[in-house]
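Quick note: the coordinates plus some simple rules give every number you see, no bench work behind them. Quick caveat: nothing in here was measured; it's all calculated off a predicted structure. Note that each Cβ is placed from the backbone with ideal geometry, even for glycine, and that neighbours are counted across all protein chains shown.
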Amino acid sequence: MNAERSESAVPKAAWFKSSYSTGGGGECVEVATMTASVHVRDSKNLTGPELAVDPHAWSSFIGLITGPSA
């Protein structure tokens with residue numbers, strides 16, 4: 001896991017907002033899936049830190065929070 005404050009190496013077009021994010025200023029998370037890592041950031045702070053994790057770790061995390069697929 002890595003948190004970075006430097007300029008993002010992730011292309012602007014790669015970021016997408018979570019479907020759970022609302023327009024009311026609440027849970028605003030953006031994710032960018034790259035080949036070797038998945039990046040997560042606060043959509044209200046685009047120049048702030050990004051969290052970079054291994055794609056397998058991200059997949060496991062998503063599986064834990066969403067539960068088993070139907």
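The table for this structure:
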quantity: Ranking of His56, His39 by count of other Cβ atoms within 10 Å, fewest first; calculated: His56, His39
quantity: Cβ-Cβ FRET estimate between Thr35 and Ser59, R0 fixed at 22 Å, reported to 0.05; calculated: 0.95
quantity: Positive minus negative residues near Val31 (Lys, Arg vs Asp, Glu; Cβ under 9 Å); calculated: +1
quantity: Residue order, fewest to most surrounding Cβ atoms within 10 angstrom, among Glu30, Glu50; calculated: Glu30, Glu50
quantity: Ranked Ser19, Ser37, Ser59, criterion: other C-beta atoms within 10 Å, fewest first; calculated: Ser19, Ser59, Ser37
